[in-house]
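**Student:** Here you go, one structure.
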Amino acid sequence: RTEGVGGGAERTLKAMHHLVITYAEDGTVTLYRDGMLYGKPYQTCHHSFQSGVQVVFGVRHKWPAAGSDGLEWVGPLQGRIMRAALYDKALSPEEVAFNARVGEFQLRHVCEVSPEKLPECTENLTTLYEEFPDRPFMINDTAHRAITVPQLQRIIRYAMQHCHTWLDRSGQTLSMSALNLYDLCKWMILPATKEHDCSLVELLAHAKQLPTWFVSHWWGELIIDFYRCLRHHAALREMPPSAAFWVCAYANRQHSLAADLTPSLTDTSFYRAMNLSCGVLLVLDAKATALTRIWCAFEEFTALEMSGTYKHVQGLSDDDVTLLLDIVVCVDGEPAVLTDGPAAQDHVDYKATLCKAAREQTFPLEIIKHGLELDLEKAEASQESDRTRIVEWFEKKGGADEANKRLHALFAVASWRQSVMKGKVRELDLPGVLSKDGHRKSLKLDFSYVWKFSDEDAKDLARGLPKSLEELILDFEWCGGMSDKALLALGDSLQHTELRVLSLSLRECAQLSCHAIGQLLAKLPKSMHALKLRLHSRIDDRGAELLAGSLPQTLQEVTFSFRQCAQIGLAGVRAILRAAPSGLKALGLNLSGCVGLTDHDVLDAVDELPKTLQEFCLDLSGCPLFTKAGVAPVARKLSSAPLHKLEFISDPLSASSTEELGRAGGRGIVAQSAGHHSERQPKQQAELPQNGAEVQQKAETIFQAPLHVVDWHGTDVDLQQLVKIAEQMAAEKEQLQSLLEKERTEKERVAGYLEELLKAGRGSAASDGTPKEDVATTLQAGAPGVAFRKRV
């Protein structure tokens, strides 16, 4: 090149870098470093050369010159070229970025592709047989033919190496910047799988591969963008390399599709694979084309239908999970994901929803607009028969219009927080969209730390709440712009719903009065069954009394979080307990950080527990006036109460207090130390074994130390099994002590060796005239240039 691009000097030493320079037809010269744009592109003129003149591409910053020992390389380039390549086209930014990531950077010779070339030609089949030399591993159930990200990467690499020898449907030579799944199926999938009538996954797999996620997408998107979306999603969800995505093009046997597309939609491989998955991943292009495809609409609607069901999913965990729905789009090579709840990588802070919100800020609102305008009546399909079947299926579910409303509401909920931050709620008419979803039973919205959330935003939300709601979870933590008007608007809306469960977080919403919170509670419908309320730290005893008097009497489960409410004392706690609904069965009180509560306060409060109570959770962590001396009397009272399940959380418990709780025997009693500030639900805790005290005594004997914390997990705890585990831990402790002893011995040996070096250096001058005393000092100080290595 002849001009600078202002990319900055290289600062990273002793590391290999991927450098690309492209020359476009319009004279634009662009540089890339490690897949990213380097500096600014510039335009230059074209140069013509006479026939027979050679054009040399190379490095002009190093050349041979005469030196003291003959010819040697001289010049300013201080580096080493490991690989070089010359392409016959200007690579696109996407191709450069992909090459930089996977190391696919090789010299290739491109010939003119004949317009008559066919996928079944000898040249194409030869390369395919070289790529897939083994016989396929036949998997009978199509739903078990999911594909992993490494396997998908193998397909992408093959396509990058050979797509320049393929033609698109218009007869033009293909490239990665234009290659979609229609082209890949024609040139790779169909010819590779024809001989054995198998799926492409069966040529890649060595065992059946059950899906973790079901992928809903359009075949016309770029396969390089599709790969980026799945790889990004897998990383975001922290899925292992063995986790697989079900993709119809790779899972179905393309030469015998009739076997997979049965007359009943619920018998198709699509539906069965979705039933095995933990969620549906909707992959969109920049125009959201997938939303105009009837099969994609069927898959999203099915995900909504299944979202309330719980099932075990192989490869995730032993817990039951609900079907999730994530949406990913790739714009200019960069994926952005809307996740159903926080993803695994979002849990880097105590508030994972904040990380989720920050990440989703990059999701384009234009895509959301396409989702809000989705119309199933206009959705297309490659086969008209498929479209007819799916439309008939929608009619059985209430009609296409009702399905439209439910799908529109899905996108409204996914984008509500971002729309509030960008002031787009009313422009997109999110309240009107959500309110039309008459089938919605559950709604969860997190606006925590949205400083600008105002009363008007709350009124918009209230206007959008569907009357069919049975469960509502709202988080307004640190929404400082809200006033009492916001709660009054929500209360007016909720009284017309069928609400049964309400979880409301108002932490640090300092402008909200107890009077307004009480009015909201008083307006809750008679259908209410469970209430969870997190309050701001300015609540005092008088406010707690006001809230207690506003509780709906139909409630059977109540959780109050007074965390860090320094002005809450015995009067406030007693008011809550005395005003408990007559049919209350489960109660949770988080009093952590209520610094005014004393031993006698807690003891008196326990006396007020409702007689109907079956489950009780009490958190007293961070209460300095509640001492260890007060734990035992409270423990005795709790153990004698007619409770089925109990969770007691306090600062480190003494062994005697833990044993006191253990004497209850047979009931679900959990004694935990402080440090856990999340509100736990007693109904999720396990049963305490009747031999709990015996287990603790034997474990203390093994460890030769008192155990101050007992936390039982799992039902039907077996004493012998627990003791066996304790013995294994003791053995591991001995092994660790042995390793530490070896390490200490090694350090002593190293110190002795270093001392010998120092002694050997004293008494004479070094080669440069430095006295050996200074040399020894340098060694002892560990000056730069002196290194001592130990093999580990």
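The values are calculated or read from the model by the stated rules, or taken from the named source; none is laboratory data. Because the structure is predicted, anything quoted here is derived from the model rather than measured. When we count neighbours, we look across all protein chains shown, and the Cβ atoms used for this are built from the backbone with ideal geometry, even at glycine. Remember, those area values only see protein heavy atoms, side chains included, never the ligands or the DNA or RNA. Shrake-Rupley method; radii C 1.70, N 1.55, O 1.52, S 1.80 Å.
**Student:** Taking into account only those residues within segment 241-258 that are under 16 Å from residue 141 (Cβ atoms) and hydrophobic (A, V, I, L, M, F, W, C), which is modelled with the lowest pLDDT? First the steps, then the outcome.
**Tutor:** Step one: list which residues in segment 241-258 are under 16 Å from residue 141 (Cβ atoms), which gives 244, 246-248, 250-253, 256-257.
Still in the running and hydrophobic (A, V, I, L, M, F, W, C): 244, 246-248, 251, 257.
Values: 244: 96, 246: 96, 247: 96, 248: 93, 251: 95, 257: 83.
Looking at residues that are under 16 Å from residue 141 (Cβ atoms) and hydrophobic (A, V, I, L, M, F, W, C), I get 257.
**Student:** Within segment 613-628, can one find any residue that is hydrophobic (A, V, I, L, M, F, W, C), under 41 Å from the mean Cα position of the chain (by Cα) and open to solvent by 60 Å² or more (accessible area, probe 1.4 Å)?
**Tutor:** In the first step, residues of segment 613-628 are kept if they are hydrophobic (A, V, I, L, M, F, W, C); the result is 613, 616-618, 620, 623, 625-626.
Among the residues that remain, those that are also under 41 Å from the mean Cα position of the chain (by Cα) are: 613, 616-618, 620, 623, 625-626.
Checking the rest, the ones that are also open to solvent by 60 Å² or more (accessible area, probe 1.4 Å) come to 625.
Looking for residues that are hydrophobic (A, V, I, L, M, F, W, C), under 41 Å from the mean Cα position of the chain (by Cα) and open to solvent by 60 Å² or more (accessible area, probe 1.4 Å), one finds at least one in segment 613-628, hence yes.
**Student:** Would you be able to say whether some residue in segment 539-558 is open to solvent by 40 Å² or more (accessible area, probe 1.4 Å), polar (S, T, N, Q) and assigned to a helix (DSSP H, G or I)?
**Tutor:** No, the conditions are met nowhere in segment 539-558.
**Student:** List pairs: first in segment 570-596 and at negative phi, second among the basic types (Lys, Arg) and open to solvent by 30 Å² or more (accessible area, probe 1.4 Å), Cβ under 6 Å, 6+ apart or cross-chain?
**Tutor:** Sorted first by the residue in segment 570-596, then by its partner, the pairs are 590/563; 592/563.
**Student:** Which residues, taken from segment 488-500, are outside any helix (DSSP H, G or I) and open to solvent by 50 Å² or more (accessible area, probe 1.4 Å)? Before you say what the answer is, go through the steps one by one.
**Tutor:** We begin by selecting, within segment 488-500, every residue outside any helix (DSSP H, G or I); these are 495-500.
Within segment 488-500, 495, 496, 498, 500 qualify.
**Student:** Let me ask something additional. Identify the single condition in (1) modelled with pLDDT of 90 or more; (2) more than 37 Å from the chain's Cα centre (by Cα); (3) assigned to a loop (DSSP other than H, G, I, E, B) that residue 592 does not satisfy, given that it satisfies every other one.
**Tutor:** Of the numbered conditions (1) modelled with pLDDT of 90 or more; (2) more than 37 Å from the chain's Cα centre (by Cα); (3) assigned to a loop (DSSP other than H, G, I, E, B), the odd one out for residue 592 is (2).
**Student:** Looking at segment 460-476, can you tell me whether even one residue there is among the polar types (S, T, N, Q) and more than 19 Å from residue 537 (Cβ to Cβ)? Reasoning before the result, please.
**Tutor:** So in segment 460-476, the residues among the polar types (S, T, N, Q) come out as 468.
Add one more test, that the residue is more than 19 Å from residue 537 (Cβ to Cβ), and what stays is 468.
Checking segment 460-476: at least one residue is among the polar types (S, T, N, Q) and more than 19 Å from residue 537 (Cβ to Cβ).
**Student:** Within segment 343-361, restricting attention to residues that are assigned to a helix (DSSP H, G or I) and open to solvent by 40 Å² or more (accessible area, probe 1.4 Å), which residue is nearest to residue 276 (Cα to Cα)? Steps first, please.
**Tutor:** We begin by selecting, within segment 343-361, every residue assigned to a helix (DSSP H, G or I); these are 344-346, 352-360.
If we keep only those that are open to solvent by 40 Å² or more (accessible area, probe 1.4 Å) as well, we get 345, 354, 358-359.
Numbers: 345: 24, 354: 30, 358: 31, 359: 28 Å.
That would be 345.
**Student:** Does any residue of segment 559-566 turn out to be open to solvent by 10 Å² or more (accessible area, probe 1.4 Å) and on the phi > 0 side of the Ramachandran plot? Give the derivation first.
**Tutor:** Initial filter on segment 559-566 (open to solvent by 10 Å² or more (accessible area, probe 1.4 Å)): 559, 563-564, 566.
Checking the rest, the ones that are also on the phi > 0 side of the Ramachandran plot come to 564.
Yes, that holds for at least one residue.
**Student:** Now a separate question. Output the residues belonging to segment 65-120 that are among the β-branched types (Val, Ile, Thr) and at pLDDT below 75. Give the steps one after another, and end with the answer.
**Tutor:** Here is the first cut: in segment 65-120, the ones among the β-branched types (Val, Ile, Thr) are 74, 81, 96, 102, 110, 113.
Residues satisfying the conditions are 74, 102, 110, 113.
**Student:** Moving to a separate point now. Scan (1) over 15 Å from residue 296 (Cβ atoms); (2) open to solvent by 10 Å² or more (accessible area, probe 1.4 Å); (3) in contact (Cβ under 8 Å) with a residue 24 or more places away in the chain for the single condition residue 378 breaks and write down its number.
**Tutor:** Exception for residue 378: condition (1).
**Student:** Open to solvent by less than 40 Å² (accessible area, probe 1.4 Å), of a type in the set (A, V, I, L, M, F, W, C) and at pLDDT below 85: is that true of residue 394 in this structure?
**Tutor:** Working: open to solvent by less than 40 Å² (accessible area, probe 1.4 Å): yes; of a type in the set (A, V, I, L, M, F, W, C): yes; at pLDDT below 85: yes.
Yes, satisfied.
**Student:** Kindly indicate which of 456, 427 is in a loop (DSSP other than H, G, I, E, B), open to solvent by 10 Å² or more (accessible area, probe 1.4 Å) and charged (D, E, K, R).
**Tutor:** Numbers: 456 fails: in a loop (DSSP other than H, G, I, E, B).
427 is the lone residue from the list that is in a loop (DSSP other than H, G, I, E, B), open to solvent by 10 Å² or more (accessible area, probe 1.4 Å) and charged (D, E, K, R).
**Student:** Also: Take residue 487 and decide whether it is touching a residue at least 12 places away in the same chain (Cβ under 8 Å), over 22 Å from residue 536 (Cα atoms) and among the aliphatic types (A, V, I, L, M). Give the derivation first.
**Tutor:** Working: touching a residue at least 12 places away in the same chain (Cβ under 8 Å): yes; over 22 Å from residue 536 (Cα atoms): no; among the aliphatic types (A, V, I, L, M): yes.
Considered against the rule, which asks whether it is touching a residue at least 12 places away in the same chain (Cβ under 8 Å), over 22 Å from residue 536 (Cα atoms) and among the aliphatic types (A, V, I, L, M), residue 487 comes out as no.
**Student:** Return a yes/no flag: does segment 409-423 have any residue that is within 30 Å of residue 263 (Cβ to Cβ) and under 24 Å from the mean Cα position of the chain (by Cα).
**Tutor:** The initial filter retains those residues of segment 409-423 that are within 30 Å of residue 263 (Cβ to Cβ), namely 410.
Okay, now just the ones that are also under 24 Å from the mean Cα position of the chain (by Cα), so 410.
Yes, the conditions are met somewhere in segment 409-423.
**Student:** Name the residue that is modelled with the lowest pLDDT, counting only residues in segment 325-342 that are aliphatic (A, V, I, L, M) and surrounded by fewer than 20 Cβ atoms within 10 Å (Cβ to Cβ).
**Tutor:** Restricting attention to segment 325-342, the residues satisfying the condition of being aliphatic (A, V, I, L, M) are 325, 327-329, 331, 336-338.
This time we only want the ones that are surrounded by fewer than 20 Cβ atoms within 10 Å (Cβ to Cβ), so: 331, 336.
On the way: 331: 83, 336: 92.
Applying the filter and picking the extreme gives 331.
**Student:** Now a separate question. Hey, can you tell me all the residues within segment 118-161 that are among the polar types (S, T, N, Q) and in a strand (DSSP E or B)?
**Tutor:** Step one: of segment 118-161, the residues among the polar types (S, T, N, Q) are 122, 124, 126-127, 140, 142, 148, 151, 153, 161.
Within segment 118-161, 148 is the sole residue that qualifies.
**Student:** If you don't mind, another one. Consider segment 171-180. How many of its residues are assigned to a loop (DSSP other than H, G, I, E, B) and buried (at least 16 other Cβ atoms within 10 Å of the Cβ)? Talk me through it step by step, then tell me what you get.
**Tutor:** Pass one, segment 171-180, residues assigned to a loop (DSSP other than H, G, I, E, B): 171-172, 174-179.
Remaining after also requiring buried (at least 16 other Cβ atoms within 10 Å of the Cβ): 174-176, 179.
Looking only at that region, the number is 4.
**Student:** Given the criterion of a type in the set (Phe, Trp, Tyr) and in contact with a Pro (Cβ under 8 Å, 6 or more places away or on another chain), identify the matching residue among 560, 616. Steps first, please.
**Tutor:** Values: 560 fails: in contact with a Pro (Cβ under 8 Å, 6 or more places away or on another chain).
Only one candidate passes the filter, namely 616.
**Student:** Quick check on segment 38-64: of everything there that is surrounded by 11 or more Cβ atoms within 10 Å (Cβ to Cβ) and closer than 14 Å to residue 23 by Cα, which residue is modelled with the lowest pLDDT?
**Tutor:** Of everything passing the filter in segment 38-64, 40 is modelled with the lowest pLDDT.
**Student:** Test of understanding: among 197, 183, 168, which residue is under 27 Å from residue 287 (Cβ atoms) and open to solvent by 30 Å² or more (accessible area, probe 1.4 Å)?
**Tutor:** Values: 197 fails: under 27 Å from residue 287 (Cβ atoms); 183 fails: open to solvent by 30 Å² or more (accessible area, probe 1.4 Å).
The conditions single out 168.
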